1. S217 versus (1) open to solvent by less than 10 Å² (accessible area, probe 1.4 Å); (2) modelled with pLDDT under 95: which is the lone unmet condition?
2. Scan segment 57-67 and give yes if some residue there is open to solvent by 20 Å² or more (accessible area, probe 1.4 Å), in contact with a Gly (Cβ under 9 Å, 6 or more places away or on another chain) and within 22 Å of D30 (Cβ to Cβ), otherwise no.
3. Kindly indicate which of Y180, Y171, Y157 is of a type in the set (F, W, Y), touching a residue at least 12 places away in the same chain (Cβ under 8 Å) and not in a helix (DSSP H, G or I).
4. Give the residues of segment 242-263 that are open to solvent by 20 Å² or more (accessible area, probe 1.4 Å) and not in a loop (DSSP other than H, G, I, E, B), sorted by residue number.
5. Can you name the residue in segment 128-154 that is surrounded by fewer than 17 Cβ atoms within 10 Å (Cβ to Cβ), in contact (Cβ under 8 Å) with a residue 24 or more places away in the chain and out of contact with any helix residue (DSSP H, G or I) (no Cβ under 7 Å at 6 or more places or on another chain) and, of all such residues, is farthest from H105 (Cα to Cα)?
6. Collect the residues in segment 161-186 that are over 20 Å from the mean Cα position of the chain (by Cα) and open to solvent by 40 Å² or more (accessible area, probe 1.4 Å), keeping them in residue-number order.
7. Scanning segment 199-211 for residues that are touching a helix residue (DSSP H, G or I) at 6+ places or on another chain (Cβ under 7 Å) and surrounded by fewer than 18 Cβ atoms within 10 Å (Cβ to Cβ), which turns out farthest from H69 (Cα to Cα)?
Amino acid sequence: MSTYVIGDIQGCRRALENLLDRIAFRPGSDRLVLCGDLVARGHDSLGTLRLLYQHRDHVDSVLGNHDLHLLALAAGKAPAKKKDADLQAILDAGDGPVLLDWLRHMPLALALPDFASLVSHAGLPPGWSPEQALARSAEVEAALQGPDSAGFFANMYGNEPTGWDDNLRGYARLRVITNYLTRMRFVDAHGHMELRTKGEAGGAPAGYMPWFDHPDSQPAVRVLFGHWAALDGHTGHPAAIALDTGCVWGGKLTALRLDDDRRFSCRCE
């Protein structure tokens with residue numbers, strides 16, 4: 001039995017199938033852990049979800065920002081855009097409600113204690129312990145799965161507040177947790193996010209740095225994350241493991257086998 005952590009799939013079903021062949025995935029034995037953004041931008045988000053749902057008893061995943069956008073579309077709390085065409089197939093599918101309910105019950109942060117690791121889509125905010133990340137993730141999960149999930153989605157979008165404050169309450173608190181765990185790349189000395197810049201780690205705006213370069217970003221566990229394709233899998237920090245290698249942009253889809261830290265990749269169309 002092996003455990004594989006896979007970077008952003010983003011609806012690239014064929015690449016996922018090729019990667020599963022490459023690692024000789026054994027359904028019912030091996031475990032897949034996904035870094036989020038299972039859907040969007042690729043050509044078969046519906047097929048991707050169906051394939052993963054087929055193996056759901058051996059698949060764990062965190063939510064990415066694109067997964068949350070899909071759920072907001074399904075709740076009628078986000079305007080549909082031209083780039084959402086691949087997501088519409090999920091909303092129109094007969095098994096769409098089942099797939100969406102499965103997605104809605106995924107966390108934003110996931111502990112892998114057997115491997116001293118934490119998985120979240122964007123990483124671990126500076127100054128947060130793994131335990132705090134899991135607890136704050138659970139607050140968002142309760143909102144996602146509760147009776148007022150539509151209210152959460154209606155208030156999910158936005159870049160404010162940019163930083164953490166223990167006194168935050170309500171939707172502002174849930175929004176900043178969501179942004180830290182699903183959208184974060186660059187932060188300033190106070191750990192406040194800059195959410196517009198999407199380039200390489202060396203292209204930080206003035207006064208900002210990659211979250212894993214922040215002096216308060218010294219997690220007691222390894223952090224496995226996706227979201228940042230421009231890193232191409234490299235952070236320069238042994239405790240910050242980037243696994244989004246830009247499949248949907250013509251790069252690679254990557255899996256890390258935690259049992260021996262071996263990486264497997266396949267090229268993407």
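The values are calculated or read from the model by the stated rules, or taken from the named source; none is laboratory data. Since the model is a prediction, treat every value here as computed from it, not as a measurement. All Cβ positions, even for glycine, are placed from backbone atoms using ideal geometry, and neighbour counts span all protein chains on display. Just so you know, the surface numbers come from the protein's heavy atoms only, side chains and all, with ligands and any DNA or RNA stripped out. Shrake-Rupley method; radii C 1.70, N 1.55, O 1.52, S 1.80 Å.
1. It fails just one condition, (1).
2. yes
3. The conditions single out Y157.
4. V248, W249, K252, R257, R262, R263
5. Top of the filtered list is S129.
6. If the condition is that a residue be over 20 Å from the mean Cα position of the chain (by Cα) and open to solvent by 40 Å² or more (accessible area, probe 1.4 Å), then D165, D166, N167, R169, G170, Y171 are the ones that fit.
7. Residue satisfying both the conditions and the ranking: E200.
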